[in-house]
Amino acid sequence: EPAATGRDGDARGAGRDGIPLVHAVNVHKAFHGNEVLKGIDMDVRQGQVVCLLGPSGSGKTTFLRCINQLESIDGGRIWVDGDLMGYRDAGGRLHHLTDKQVAAQRREIGMVFQRFNLFPHMTVLANVMEAPVQVKGERKTEVKERAVQLLDRVGLAEKADAYPGQLSGGQQQRVAIARALAMQPKLMLFDEPTSALDPELVGEVLTVMRELAASGMTMIVVTHEMAFAREVADHVVFMDAGVVVEQGPPREVIGNPQHDRTRAFLSRMR
Ligand code: ADP
């Protein structure tokens, strides 16, 4: 049992015994022979916020999808909270998990997409209640109480009975965050959650994400919002062309990048 005193210099990063909640080793993924992830190593400790930065096409979304097993990996291993995700061994043999195992693991991981994908025919409250009731079989009365609290937390208590089409994009994305949180996940994945929004709506979503980070949620965030990454991330990973070019605290990776590719990317962002 390792000593729980471990500090790694990050603000909230020590976590439970310093054991990573996500432990990814040498992850490879190709689509039709096109290698998109070329050996990604990444650790995310409980309570950490990790931002994935990098140019379009560098593999950030694919990596997130691998963590959630929306994509299978061709090589390497990913553990989430100690559970090994499906993988392919050195002989090329797939080690599938059963559908039941995959479903159980996914229940623990919330994902927020660029597009909010709310159910248009359901009220906001019903959207937030849907998965805990249908997937987990929780009691409606308990779920409703939690859903109301979550809507309050994202500043949308008064929209409980509205339909998604009546909300702005920023409001819909906040509902999508509440919906993911309703499953009480141990990990939240965000895939460019503000990039489909009008600029004036970005701030309200980032505010909700900041509060979530401050509450201790473990988060992996693909984003082009440099100010958010700089202020909220404990750890920043810069990817390019399927590899991790550099990673570290934001004051290093964003404030004092060591690699030309990182510098070139950051200068385009400013
Ligand atoms: P990023 O999130 O950094 O923009 P992506 O992970 O979305 O990068 O994409 C990395 C590369 O993988 C891109 O070249 C993209 O076209 C390719 N890719 C992603 N998903 C698929 C897929 N399902 N089939 C084929 N190619 C894909």
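Starting from the Cα-Cα distance between residue 56 and residue 158, subtract it from 0.36 nm times their residue separation and give me the gain in nm to one decimal.
Going from the current span to full extension adds 33.0 nm.
Using unit Cβ charges (K, R positive; D, E negative) and no other charged atoms, how large, in debye to the nearest 20, is the dipole of the chain about its Cα centre?
Working: 32 positive and 34 negative charges, 59 e Å.
About 280 debye.
Could you run the Karplus curve 6.51 cos²θ - 1.76 cosθ + 1.60 with θ = phi - 60° over the stretch 24-38 and give me ³J(HN,Hα) per residue in whole Hz, x for Gly and Pro?
Per-residue couplings from phi come out as 10, 10, 6, 6, 10, 8, 10, 10, 6, x, 8, 7, 9, 10, 10 Hz.
Kindly provide the helix-only [θ] at 222 nm of the chain, computed as the sum of -39,500 (n - 2.57) over DSSP H runs of four or more divided by all residues, to the nearest 500 deg cm²/dmol? Write down the numbers at each step before the final one.
Values: 9 runs with 92 residues, N = 270.
Roughly -10000 deg cm²/dmol at 222 nm, from the helical runs in the chain.
Which lysines, on any chain, are close to residue 29 with Cα under 27 Å apart, when same-chain ones fewer than 8 places away are left out?
38, 60, 100, 186
Suppose R0 equals 35 Å. What FRET efficiency, 1/(1 + (r/R0)^6) with r the Cβ-Cβ distance, do residue 31 and residue 224 give to the nearest 0.05?
Plugging the Cβ-Cβ distance into 1/(1 + (r/R0)^6) gives 0.95.
Considering the options 257, 207, 112, tell which one lies farthest towards the positive end of the dipole of the chain, charges being +1 on Lys and Arg and -1 on Asp and Glu at the Cβ, about the Cα centre.
Comparing the listed Cα positions along the dipole, 112 ranks first.
List the DSSP H helices in the chain whose Cα atoms stretch 30 Å or more along the helix axis and whose mean Kyte-Doolittle hydropathy is at least -1.0.
Long hydrophobic helices here: none detected.
Where a number appears in this text, it was derived from the coordinates with a stated rule and is not lab data. Not measured: the values here are computed from a predicted model. When we count neighbours, we look across all protein chains shown, and the Cβ atoms used for this are built from the backbone with ideal geometry, even at glycine.
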